[in-house]
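Working notes for the structure below.
The values are calculated or read from the model by the stated rules, or taken from the named source; none is laboratory data. Just so it is clear, the structure is predicted and the values come from calculations on it, not from any experiment. Virtual Cβ from ideal backbone geometry, glycine too; neighbours counted across all protein chains shown.
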Amino acid sequence: MTATDLREHYRLTRFLFLRALGLIYSIAFLSLAQQVLPLLGSHGLLPAQPYLERFAGGDRMAAARELPAIFWLDCSDAFLQACAWSGVVLSAALLFGVADVPLLFVLWALYMSFIHIGQLWYGYGWEILLLETGFLAVFVCPLLDPRPAAGAEPPRVVWWLLRWVLFRVMFGAGLIKLRGDPCWRDLTCMVYHYETQPLPNPLSWYLHQLPPWFHTLEVLFNHFVELIVPWTLFAPRRVRHIGGLFLVAFQLTLIVSGNLSFLNWLTLTLCISCFDDGALQYVLPRRLRERLLPPPPRPPAAARRAVAYALAALVAYLSIAPARNLLGSRQVMNGSFDRLHLVNTYGAFGSIGRVRDEVILQGTTDSTIGDATQWRDYELKCKPGDVNRRPCVVAPYQLRIDWQIWFAAMQDPRSNPWLIHLIAQLLRNDPGALSLLANNPFPDKPPAFIRAELYEYHFTHWGDVTPAWWTRSRVDAYLPPLSLQSPELQRFLKSRGWQ
């Protein structure tokens with residue numbers, strides 16, 4: 001087939017899109033499988049079973065309709081782990097080329113179930129973005145034939161729906177910035193962003209050192225890509241391809257400059273919908289093209305086209321509320337308007353911190369607290385702690401406690417009961433809680449007391465004669481020293497059912 005013949009055909013596009021989505025699902029489920037018990041298990045920081053019981057309020061059927069999840073049937077630790085590892089296996093199958101409607105539907109339903117019990121650990125925009133993308137992917141793959149080149153052409157309307165998702169992701173992020181922090185309007189936000197973002201990586205340190213004029217250009221480029229380029233997604237194919245290249249380049253810069261979980265990787269996956277086979281044939285290996293493209297593309301069956309147009313009508317109806325939110329003066333960032341998260345609203349970094357505060361957990365084996373007490377720091381796997389430790393590279397994997405404690409530093413301790421529960425578990429040297437951390441300063445016996453201190457962190461600078469990546473100074477106490485014998489801690493744990 002000639003390049004002209006491949007225009008507006010999407011077999012190569014489908015192959016790349018489904019493999020990329022398989023990678024995202026694999027990472028999401030792997031992160032879940034490795035952290036689900038210490039976060040959501042029966043002895044987790046926010047156990048799922050009591051959460052479902054409180055949500056049900058005595059009427060489980062009504063609650064299940066409002067919060068669809070397979071875990072209404074069973075929320076035991078064994079079942080949580082079995083479902084998580086099943087997701088890993090099914091995601092790996094998708095990554096390596098097995099793709100049909102039942103597989104994609106099970107992955108979507110399974111991940112939605114975890115989001116619905118995940119509480120604050122799964123309250124991020126990329127979670128519902130994966131659900132929306134994963135649901136549309138059900139209509140891209142063959143019905144029952146899992147072969148990567150099987151089946152007729154995917155209906156074109158589904159690719160337009162995926163571009164509509166990508167438009168809302170990018171344009172929503174652009175609008176929330178203009179309406180949010182003034183530094184996006186005076187073009188200074190990037191002066192602070194690399195240092196204060198949730199989980200900086202090593203390159204973040206170097207980018208932070210660049211001059212202010214460069215950071216001004218970064219903000220201008222950000223506004224261009226998020227506010228102007230998304231409109232090219234609905235333009236003729238050549239313009240759409242150029243817009244897609246800008247979006248890909250932008251996501252790659254975000255990937256190398258920080259650890260934003262799988263958000264940018266999933267957005268890259270959506271960017272694949274910008275390109276048809278006529279464009280992708282120039283960048284994919286010849287052997288792969290020969291395997292996927294012949295024979296000539298077969299148009300989708302009438303029944304499948306009807307289903308695709310019904311899907312488009314449903315998405316159009318469900319898009320009314322997100323569109324109103326997008327255009328309204330009180331735009332909400334990252335929210336759902338239906339219980340299945342089929343069409344959502346998105347946004348990122350509507351506000352930028354000027355100073356980086358960190359909650360540092362410290363323990364001691366001293367039986368009494370005094371001026372001579374020696375405190376030892378607990379380290380999280382990717383958060384700034386030890387000033388000499390190099391920033392990590394962890395994305396697209398998500399360390400959920402590292403992310404959540406970043407928010408805790410900006411909030412009152414009473415807004416984060418999970419942190420007090422974590423301290424209680426560390427006072428017992430609980431293996432599950434310790435698995436979420438990078439170290440255990442007390443391997444021989446549990447600490448007698450643990451406290452939380454608030455520190456202000458800053459990157460070191462070019463020319464500093466030091467091996468450190470950070471400087472830090474104490475701001476204040478965040479939580480006072482707590483012991484397992486503390487009556488306040490015992491009352492708190494009992495009130496939450498966390499004994």
Exception for MET333 within (1) hydrophobic (A, V, I, L, M, F, W, C); (2) in the same structural domain as TRP164 (by TED's automatic domain parsing); (3) part of a helix (DSSP H, G or I) falls at (3)
GLN425: passes all of (1) assigned to a helix (DSSP H, G or I); (2) free of Cβ contacts under 8 Å to residues at least 60 places away in the same chain; (3) touching a helix residue (DSSP H, G or I) at 6+ places or on another chain (Cβ under 9 Å) but (2)
Yes or no: region 48-63 includes at least one residue that is part of a loop (DSSP other than H, G, I, E, B), assigned by TED's automatic domain parsing to the domain that holds ARG339 and surrounded by 18 or more Cβ atoms within 10 Å (Cβ to Cβ). no
### Residue match in region 94-117 (condition: within 17 Å of PRO38 (Cα to Cα) and touching a Phe, Trp or Tyr at 6+ places or on another chain (Cβ under 6 Å))
yes
If you go through LEU6, LEU16, LEU80, the only one that is in contact (Cβ under 8 Å) with a residue 24 or more places away in the chain and not assigned by TED's automatic domain parsing to the domain that holds GLY134 is LEU6
Scanning region 377-400 residue by residue, those touching a Gly at 6+ places or on another chain (Cβ under 9 Å) and surrounded by fewer than 16 Cβ atoms within 10 Å (Cβ to Cβ) turn out to be ASP377
